[in-house]
Amino acid sequence: MFDGLLTGITLGFFLSFMIGPVFFILIETSITRGFKAAIAFDMGVILADALFFAIAFFSSFRLINAIKDDPALFIFGGIIMLTYGIISFIKLKKVQVQTLQLAPPNLRREYLNLFAKGFLLNFINVGVLGFWLGIIITLGPQMDMNPNKMFTFFGFCILAYFITDLFKIFLAKQLRKKLTPHNILKVKKISSIVIMVFGLVIMIKGVLPKSADNKINIPLPNMENTK
């Protein structure tokens with residue numbers, strides 16, 4: 001049990017530093033909107049992770065293993081991410097630099113929007129589902145696929161992830177004092193470009209044909225002797 005918790009904590013720490021759109025947008029949100037705003041965004045990300053973990057754990061392994069490689073899902077998710085990045089970038093082109101300022105959200109609705117942004121940005125990335133499925137199939141047998149052990153493992157993993165993110169948010173927040181309106185615009189544009197790039201990458205995963213040799217399949221557990 002202790003080994004499982006230690007594995008969860010270690011995984012959560014390294015998961016926090018995985019480079020992706022969430023990583024960059026979390027930093028950007030902390031710099032431009034503040035500590036609480038970044039936490040709201042991060043909580044949305046965590047909810048998506050929790051949902052994917054639950055889906056991967058409770059659903060049919062064969063079904064999820066097939067879905068995670070479905071090109072249509074990668075293309076759909078990539079299009080959404082790419083479109084969001086393009087729209088955000090176009091909006092920034094129309095923004096007057098003088099009007100930009102470092103201001104935290106002043107309405108509860110804005111925090112909810114950031115929460116939803118974090119959730120959707122993580123949820124449309126089908127690779128996250130594949131990641132958690134791989135974790136469950138790899139580590140699940142070591143925990144006898146016991147729901148209590150598995151969700152305790154996940155809880156410590158997410159706790160370590162969140163605590164590490166708090167340090168990232170705090171460090172990024174220190175840059176706020178050095179940002180001018182012109183630099184704020186640059187940060188926001190870079191974030192939009194990052195989202196577009198990752199959207200394209202996800203789309204390419206779905207568009208490029210995969211041969212049987214190149215396709216990565218997660219080994220499925222033998223279900224015949226589990227009754």
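The values are calculated or read from the model by the stated rules, or taken from the named source; none is laboratory data. Quantities reported herein were computed from a predicted structural model and do not represent experimental measurements. All Cβ positions, glycine included, derive from the backbone under ideal geometry; neighbour counts span all protein chains shown.
Miscellaneous remarks
- Selection within segment 1-35: residues that are crowded, with 22+ Cβ neighbours inside 10 Å and of a type in the set (Ser, Thr, Tyr). The member of this set that is nearest to Phe170 (Cα to Cα) is Ser30.
- Among the numbered conditions (1) at pLDDT below 80; (2) within 18 Å of Ile193 (Cβ to Cβ); (3) surrounded by 17 or more Cβ atoms within 10 Å (Cβ to Cβ), the only one that Leu82 does not meet is (1).
- Number of the condition not met by Ala38 [criteria: (1) buried (at least 19 other Cβ atoms within 10 Å of the Cβ); (2) out of contact with any Asp or Glu (no Cβ under 9 Å at 6 or more places or on another chain); (3) more than 23 Å from Ile137 (Cα to Cα); (4) modelled with pLDDT of 80 or more]: (2)
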